[in-house]
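I have placed the structure first, in the form of structure tokens, so that the comments after it can refer back to it.
The values are calculated or read from the model by the stated rules, or taken from the named source; none is laboratory data. Just so we're clear, the structure is a prediction, and the values are computed from it rather than from any experiment. Cβ placement follows ideal geometry from the backbone for every residue including glycine, while neighbour counts extend to all protein chains displayed.
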Amino acid sequence: MQQDWQKIGLKAGLECHQQLDTGKLFCRCPSVLREEKPDFVFERRLRAVASELGEFDKAAMEAFEKGLTFRYEAYNGTTCLVEADEEPVEPADKEALEATLKVALMAKSRILDELYVMRKAVIDGSNTSGFQRTMLAAIGGELELSGKKVGIQTIALEEDAARPTAKKEGEITYRLDRLGIPLIELATAPELFTPEEVKECALKIGELFRRTCKAKRGLGTIRQDLNVSVAQGARVEIKGVQELELIDEYVRREAQRQLSLVGLREEMLKRKISEKNFAPLEIADLSQIFSETQCKFLKGKQVFGIALHKMGGLLGKETQPGRRFGTEIADYVKARAGLAGILHSDELPAYGISEREVERVRHKANCVMDDAFVIVQADAARAQKALAVVGERCKMALSGVPEETRNALENANTEYSRPLPGAARMYPETDLKPIGISTDYLEVLEKELPLSVAEREELYAGKGLSRNLVDGMKLSNYACFFEQLVEKGINATTAASLLLEGLTQLRREGIENIPNEMLEQLLLAEKNKAVTKDVMLGVLRQWSKAPEKELKEILKGLQVERVGDAEVRKVIAAIVEKNRALVAEKGERAAGALMGDAMRELKGKADGGAISAILKEELEKAAGK
Ligand SMILES: [Zn+2]
């Protein structure tokens, strides 16, 4: 779809959430996701209570009406009573706070003097306490894109929600491992005017987060919410876009959907359709018609339907590739009445429903010429609720695009999830004192700010890193640590190869989370010639199994303590002596044959270069004799 974005008045803003690779925000559990069977499970039910402002949130009510049960999966050791909402929270994680403040400083955002932990009502059960804790850290600031600047509205630090692992009727299961992982949230002003700008901005924000060396990596660790509208449309929030590569496509498709709904409205007005067309709805019992149908999911079941006057052809109108206005209605029915979906006249006959059955439905529901109909399979009470929702959604179509929150689907389409949350949702966390941010502290942080990508490229290349290592390191979480190592005189290529390639190799073998102190000690030992480069991975394999041991002990155990040149010479002299006949015959050309023996005896204890040089000297000496 080619579009003149300016002409249709496309406007978008981004809200990016980045998980931090630190401990959890309000307890001292590690931020790790687990795949094993949970150690225990408990259940809660959501109870709608008036918020402190005395109002019921519309979104909260919708969740409450569904009457859901929530199951929570937990682990001994990596989740605690804070995640279970059985114990008060602990003060915010220092590292996470520091990373957030550094992002704010880099983006020239104004950091607040005092940070207050606030509670934001959460109604889907993804937080055991019924709210998410969030701290506004900074306001304002800007991001530089190619050719323009984009304003930042807010930068906050908040806790991640529990992750859903299973859903069935009336029940959602969440895993508590993700609950409480710190998230930096950065929201831009709605100043992005093309899908491409949205993508560029998202990449820029991702880079800003990664420069801190504290951003978690992997799918699901960064999530974007998009605010999108076109001039004649409405503000729609798309939640949970994970694939950065598709972000522009989400924007295009939302614009397409809004334009399509604007067109639908015009068509409805042209047909002189008004709210009266959908009220009152006369519900027809269609069960009899489908008692012997070929349609498996209707046969012998309770089926109800309604006519939608003058709506013929409109439910089949495409809103996004593969989705129609009928799908939009079905989304509302799923979210608000808990049914699996609807069937409508624009898609029938199909699914085993015959032409004749369609005719009988039209007759029974009192459809005339250009009327549409919708049918649902449910008991009478739920069918009534579902069909009322159908009527409501059709009424909304008379105003064009409804303001709403939508879920990102995997193919860049979206589906309705709930109305836009109301404003009356925040109140102070009473268990925590505000955090004062002094100017002294900010001055310290200012001096520690991470380098920009361009600065890193220049610095690393200047230290002799290959292009590959520069690219691998510049946005790695090891970049800040790497820079410290280089400061301490450690060879840049040795350090970068170990941190990027070496650790990748170890991860493949299942060895993870090697502490930085261990890596630093080993690299210093290499620098001080206590150990050779080629045994470093072998040392880490052993040391990671016994981290309480000293490096010296590990080297001794592996017999890879580096030996001095005198010792090397002694070993080589002995080899030369043993192979006197060969040396006498071949002279210095015996080096090729003897090098293998020397390497075997001195493996890991000396560098190959040194061994080769000393061997050559010893052979010369022998020839000179
Ligand atoms: Zn915990």
Among the residues of the stretch 318-332, is there at least one that is free of Cβ contacts under 8 Å to residues at least 60 places away in the same chain and among the hydrophobic types (A, V, I, L, M, F, W, C)?
yes
Residues (in contact with a Phe, Trp or Tyr (Cβ under 6 Å, 6 or more places away or on another chain) and either aromatic (Phe, Trp, Tyr) or more than 12 Å from Leu286 (Cα to Cα) (or both)) located in the stretch 344-398
Ser345, Cys367, Val389, Gly391, Arg393, Cys394, Lys395
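Matching residues to (1) part of a strand (DSSP E or B); (2) within 40 Å of the chain's Cα centre (by Cα):
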residue: Val251; (1), (2): no, yes
residue: Leu261; (1), (2): no, yes
residue: Ile273; (1), (2): no, no
residue: Leu281; (1), (2): no, no
residue: Glu292; (1), (2): no, no
residue: Ala307; (1), (2): yes, no
List the number of the failed condition for Gln320; all other conditions in (1) surrounded by fewer than 18 Cβ atoms within 10 Å (Cβ to Cβ); (2) in contact with a helix residue (DSSP H, G or I) (Cβ under 7 Å, 6 or more places away or on another chain); (3) closer than 30 Å to Ala202 by Cβ hold.
(1)
Within the stretch 329-345, the count of residues that are among the hydroxyl-bearing types (Ser, Thr, Tyr) and over 17 Å from Arg406 (Cβ atoms) comes to 1
Starting from the stretch 71-83, take each residue that is touching a residue at least 12 places away in the same chain (Cβ under 8 Å) and list its partners that are near the ligand (Cβ under 7 Å from one of its atoms) and of a type in the set (Asp, Glu), counting only C-beta distances under 7 angstrom and pairs at least six apart or across chains.
Ala74/Glu83
Check the stretch 62-71 and report whether any residue there is surrounded by fewer than 17 Cβ atoms within 10 Å (Cβ to Cβ), assigned by TED's automatic domain parsing to the domain that holds Ala189 and more than 16 Å from the ligand (Cβ to nearest atom).
no
Based on this model, can you work out whether Leu136 counts as more than 16 Å from the ligand (Cβ to nearest atom), within 28 Å of Glu448 (Cα to Cα) and assigned to a helix (DSSP H, G or I)?
no
Failed item, numbered, when Glu144 is tested on (1) under 22 Å from the mean Cα position of the chain (by Cα); (2) more than 16 Å from the ligand (Cβ to nearest atom):
(1)
Among the residues of the stretch 309-352, which ones are in a helix (DSSP H, G or I) and basic (Lys, Arg)?
Lys334, Arg336
Inside the stretch 174-224, can you point out the residues that are polar (S, T, N, Q) and farther than 21 Å from Leu409 by Cβ?
Thr188, Thr194, Thr212
What's the number of the condition Glu144 fails, among (1) in contact with a strand residue (DSSP E or B) (Cβ under 9 Å, 6 or more places away or on another chain); (2) closer than 24 Å to Pro30 by Cβ?
(2)
If you go through the stretch 72-105 one residue at a time, how many are among the β-branched types (Val, Ile, Thr) and within 11 Å of the ligand (Cβ to nearest atom)?
4
For the stretch 571-584, pairs from a residue that is within 16 Å of Ile614 (Cβ to Cβ) and free of Cβ contacts under 8 Å to residues at least 24 places away in the same chain to a residue that is among the charged types (D, E, K, R) and buried (at least 19 other Cβ atoms within 10 Å of the Cβ), with Cβ under 8 Å and 6 or more apart or across chains, are none
Can you find a residue that is within 26 Å of Tyr250 (Cα to Cα), at pLDDT 95 or above, in contact with a strand residue (DSSP E or B) (Cβ under 8 Å, 6 or more places away or on another chain) and surrounded by 19 or more Cβ atoms within 10 Å (Cβ to Cβ) anywhere in the stretch 356-366?
no
If we scan the stretch 553-566, do we find a residue that is surrounded by 16 or more Cβ atoms within 10 Å (Cβ to Cβ), within 25 Å of Ala495 (Cβ to Cβ) and modelled with pLDDT of 85 or more?
yes
Go through (1) more than 13 Å from the ligand (Cβ to nearest atom); (2) touching a residue at least 40 places away in the same chain (Cβ under 8 Å); (3) not in a helix (DSSP H, G or I) and name the single condition Lys108 misses.
(2)
I need every pair where a residue in the stretch 219-231 that is assigned by TED's automatic domain parsing to the domain that holds Glu158 has its Cβ under 8 Å from the Cβ of a residue that is surrounded by 24 or more Cβ atoms within 10 Å (Cβ to Cβ) and among the acidic types (Asp, Glu), sequence separation at least 6 or different chains.
Leu226/Glu254; Val228/Glu254
